[in-house]
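Here's the structure, in structure tokens; my notes come after.
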Amino acid sequence: MIVTRFAPSPTGYIHIGNVRSAIYPYLLARQTDGKMILRIEDTDRARYVEGATELIEDTLEWLGLNWDEGPIVGGKNGPYFQSERKEIYHDWARRLIAMGRAYADPTPPEQIEEYRKQCNTAKTPFLYRNFRPTKTPEWEPGIPLRFKAEPKSYEWHDEVMGDMHAGPEVLDDIILIKKDGYPTYNFAHIVDDAEMGVTYVMRGVEYLSSTPNYLALYEALNLTRPKLVSLPHILAPNGNKKLGKRDGAKSVTEYRKDGVLAEAMLNYLACLGWNDGSEQEIYTKEELVAKFSLDRIQNSGARYDEVKLLWMNGQWIRRVFDEQGAEALYARTRDFWPEKAKGYNDEYRIKVLSIIYDRLKTLADLREMSAYFFADPEIDVDYLINNKFIKKMSEAEIEELLRIVVDRLSKVDSWNKDNLQQVLNSLLEETGKKPAELFSLIRIALSFAPFSPALNLTMDVLGKEKTLARLNAVATAI
């Protein structure tokens, strides 16, 4: 059975690269009826952030990336927090000591730094194995434990990068257990993957240079190597470096708070460095599971494009509305309405959503795009008369047009979108104005917003009383 894992560190917010490293193991596990494990690598106590684990769990649940073993759900291979597995690592460490492949290292950090300076001066690579102490004490927690490397060449196959080779010059006496008794990542993940039966290890390509040391540990412990999958970097928008905070990318939590749907985030990140060879861009989770394959992961960096993410989010907003209905989309908008919308009932807000949803890039756009449905907009005569379709008219002509519109609309008995459209069409004939001129005038007078839905729909939702009141107010102001 294929067993994958996602093993994040709870050191802060969960970023784009973290999440993609969870998506691919999930897709492979689901596709093969395998298993995905969530493991929290919290042995770096200095960088541990309170609440970060809960944030990781919540983000995965939001995206629909349910794990089969790990925190909350449990499993036979626990505990799933590395900080609770200290004795397990110590047992494996003692095995290496018994084999003569690990040693306690009492060398103070100052001396190690001196060795490093000597190598810099001599312009030679720093390898600790060249300074290995001749006499070492018996190991006990409180003393760093190092692996005793036996330099040799290694060859391996990476499922993304292909056949790889490294010479003996990269092998070194890496630290296995730190002074505080906790393992390093280099040792802990080897032990955990072995104990938990992980068959595919997916992680960022930055770990590729450390792989020979990992292979040496597999060999020393007589472990079967898992399949190794190096995921390419997510690059900054200009494509010249790895994506970072300074490049404008927000955390997944921030995108969620800004109204990006889980489906869109999953869709976008899954396709950031992978495609199935087709022109398809919008994928459901089920389609991703069915079509995912390791051999379609690209081996070069993938450029992050927030514009594409927001476009995709707009597509998903429309898809949820069209396929699941207005109420399904409305259920997701709870935190995104303008403050004054609280005074209106669900039925009215669903009507508003139903006529503007297809213009939304994020749910947060609701705050601005729906504001005039819940409060009369501030009248800005200059904004109105300087509109490109209106500025050729005199103020007297504008006022007269608005009075005519009010008169005709006041005579509409059955106020609905179809009857309103008929009145608007007849007003075009009566006034001799072009649609862009007359309809822009009415639209701005009602909303004073850059964009709004079709005019008959806007008036239908606003209702007769509010529509006439706003048009009269603008005519009076002019």
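Taken together, Glu114, Glu155, Glu140, Glu69 contain a single residue that is modelled with pLDDT of 95 or more and either among the basic types (Lys, Arg) or surrounded by fewer than 11 Cβ atoms within 10 Å (Cβ to Cβ) (or both), which is Glu155.
Condition check ((1) over 44 Å from the mean Cα position of the chain (by Cα); (2) of a type in the set (Val, Ile, Thr); (3) at pLDDT 95 or above) across all residues:
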residue: Pro377; (1), (2), (3): no, no, yes
residue: Asn387; (1), (2), (3): no, no, no
residue: Met393; (1), (2), (3): yes, no, no
residue: Asp407; (1), (2), (3): yes, no, yes
residue: Lys417; (1), (2), (3): no, no, yes
residue: Asn425; (1), (2), (3): yes, no, yes
residue: Ala445; (1), (2), (3): no, no, yes
residue: Ala449; (1), (2), (3): no, no, no
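I'd like the full set of residues that are touching a Gly at 6+ places or on another chain (Cβ under 9 Å), buried (at least 20 other Cβ atoms within 10 Å of the Cβ) and touching a residue at least 60 places away in the same chain (Cβ under 8 Å), limited to region 200-225. Working first, answer last.
Within region 200-225, the subset touching a Gly at 6+ places or on another chain (Cβ under 9 Å) is 200, 204-205, 212.
Going one step further and asking which of them are buried (at least 20 other Cβ atoms within 10 Å of the Cβ), we end up with 200, 212.
If the condition is that a residue be touching a Gly at 6+ places or on another chain (Cβ under 9 Å), buried (at least 20 other Cβ atoms within 10 Å of the Cβ) and touching a residue at least 60 places away in the same chain (Cβ under 8 Å), then Tyr200 is the only one that fits.
Going through Trp92, Trp62 one at a time, which residue ends up being assigned to a helix (DSSP H, G or I) and surrounded by fewer than 18 Cβ atoms within 10 Å (Cβ to Cβ)?
Details: Trp92 fails: surrounded by fewer than 18 Cβ atoms within 10 Å (Cβ to Cβ).
One residue alone meets the criteria, Trp62.
Every condition in (1) out of contact with any Pro (no Cβ under 8 Å at 6 or more places or on another chain); (2) crowded, with 19+ Cβ neighbours inside 10 Å holds for Ile355 except the one numbered (1).
The one condition from (1) under 29 Å from Gly142 (Cα atoms); (2) in contact with a strand residue (DSSP E or B) (Cβ under 7 Å, 6 or more places away or on another chain); (3) modelled with pLDDT under 95 that Ser9 does not meet is (2).
Tell me, yes or no, whether region 337-358 has at least one residue that is under 21 Å from Thr253 (Cβ atoms), under 18 Å from the mean Cα position of the chain (by Cα) and aromatic (Phe, Trp, Tyr). Don't jump to the end; show me each part of the working.
At the first step, the residues of region 337-358 found to be under 21 Å from Thr253 (Cβ atoms) are 337.
Filter again for under 18 Å from the mean Cα position of the chain (by Cα), leaving none.
Scanning region 337-358, I find no residue that is under 21 Å from Thr253 (Cβ atoms), under 18 Å from the mean Cα position of the chain (by Cα) and aromatic (Phe, Trp, Tyr), so the answer is no.
Checking every residue in region 54-62 against the condition of being at pLDDT below 95 and either of a type in the set (Val, Ile, Thr) or under 21 Å from Glu287 (Cβ atoms) (or both) gives zero matches. If you go through region 283-296 and keep only what is surrounded by fewer than 15 Cβ atoms within 10 Å (Cβ to Cβ) and either β-branched (Val, Ile, Thr) or not assigned by TED's automatic domain parsing to the domain that holds Lys308 (or both), you end up with just Thr284.
Elements of the type helices (runs of 4 or more DSSP H) sitting completely within region 379-478 and holding at least 3 residues that are of a type in the set (A, V, I, L, M, F, W, C) and surrounded by fewer than 17 Cβ atoms within 10 Å (Cβ to Cβ): these cover 464-477.
Evaluate the following for Arg349: is it in contact with a helix residue (DSSP H, G or I) (Cβ under 9 Å, 6 or more places away or on another chain), surrounded by 12 or more Cβ atoms within 10 Å (Cβ to Cβ) and farther than 18 Å from Ser452 by Cα? Here the answer is no, as Arg349 does not meet what is asked.
The values are calculated or read from the model by the stated rules, or taken from the named source; none is laboratory data. All of these numbers come straight from a predicted model, not from anything done at the bench. Note that we place each Cβ from the backbone using ideal geometry, even for glycine, and neighbour counts take in every protein chain shown.
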